[in-house]
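Coordinate-derived values only; no laboratory data. The structure presented is a predicted model; accordingly, all values stated were derived computationally and were not measured. Please note: Cβ atoms are built from the backbone with ideal geometry, for glycine as well, and neighbour counts cover all protein chains shown.
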Amino acid sequence: MLRSRIIPCLLVRNKGLVKTVQFKDSKYVGDPINAVKIFNEKEVDELIVLDIDATKEGREPDFMMIKNLANESRMPLCYGGGVKTVEHARKIIHLGAEKVALSSAVIENPNLVVEIAKAVGVQSVIIVLDVRKKGLLGKYQVYTHNGTKATGKDPKELAIQFEKLGVGEIVINAIDQDGMMKGYDLKLLEIIRKAIHLPLTILGGASGLDEIKQIVDKYKVIGLAAGSIFVFKGKYKAVLINYPNAEEKKKLTF
């Protein structure tokens, strides 16, 4: 039976764990391997790790880092960043990750999704759409290369296209909300939720566990990914890896 998932999302830059605000002003918050060890103890549902500079810098995935993360992780692991070929995806799954996150390469060449799904299985193919509002009318648009390259594409249309091509899940990441801790973009969530039938995960702006509960109560089966609320504590944002305990999570999820 499908159920809601609460998913920490870790951003990696130069092999270090960082947190950004609207995809800028990255703050070093520790070592990703240590974070994985702590999340193991807290029995998290799933973990997303994104190398935020790999595509922008034209690098392939850091396979040694992926191997180390997968070897340490006792939870399902999704990795994204620099994945451009079927062989990249196949190697990431072979190293022990359960899912591979795709973005710019498949937006530029959507048929690559079909090839990768054949190689690693539909359930392992995740599409991440980084979205921000553009222009006076606030129209949503998908960006790539760590939010620096506008695609001119509508996230709803892309989500529908990728569902038809055959992917396992869509992750919608609201750039404007990233790191703000002021709430998810619920309007964007509504648009994508009504457009597709795939498992959907939202990312960007989570304000806390109360908001997560409200969204789960309304949407039932959904993925809720977040960074800041799981690596910071208090109004001064002291670095502290945290996650709801078993009793708290039972109250939060459907």
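Here are the numbers for the structure shown:
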read-out: Mean-position separation - Cα centroids, segment 184-254 and segment 106-158, in angstrom; value: 21 Å
read-out: Cleavage-rule hits, trypsin sites (Lys or Arg not before Pro), segment 143-196, DSSP coil, Cβ neighbours within 10 Å at most 13; value: Lys182
read-out: Unit charges on C-beta of K, R, D, E only; dipole of the chain, Debye; value: 440 debye
read-out: Neighbour-count ranking [beta-carbon atoms within 10 angstrom, fewest first] of Tyr140, Tyr28, Tyr79, Tyr236; value: Tyr236, Tyr28, Tyr140, Tyr79
read-out: Rg and Dmax of the chain, Cα atoms only, in Å; value: 16.6, 47
read-out: Length-normalised contact order of the chain in % [C-alpha pairs under 8 Å, at least 6 apart]; value: 19 percent
read-out: Reciprocal of mean inverse Cα separation for segment 2-88 (Kirkwood radius, Å); value: 13.5 Å
read-out: Unsatisfied cross-links (Cα-Cα over 22 Å) in the set Lys134/Lys156; Lys15/Lys250; Lys27/Lys156; Lys84/Lys153; Lys187/Lys235; value: Lys15/Lys250; Lys27/Lys156; Lys187/Lys235
read-out: Neighbour cut-off at most 14 other Cβ (10 Å), DSSP loop, trypsin sites (Lys or Arg not before Pro), segment 204-247; value: Lys220, Lys235
read-out: From the C-alpha gyration tensor of segment 124-254, square roots of 5λ in Å; value: 25, 19, 13
read-out: Residue-averaged [θ]222 nm for the chain, counting only DSSP H segments that reach four residues, each worth -39500 (n - 2.57); value: -9500 deg cm²/dmol
read-out: Convex hull volume of segment 66-151 per residue (C-alpha atoms, cubic angstrom); value: 101 Å³
read-out: Filtered GluC sites (Glu not before Pro), segment 18-52: DSSP coil and at most 16 other beta carbons within 10 Å; value: Glu43
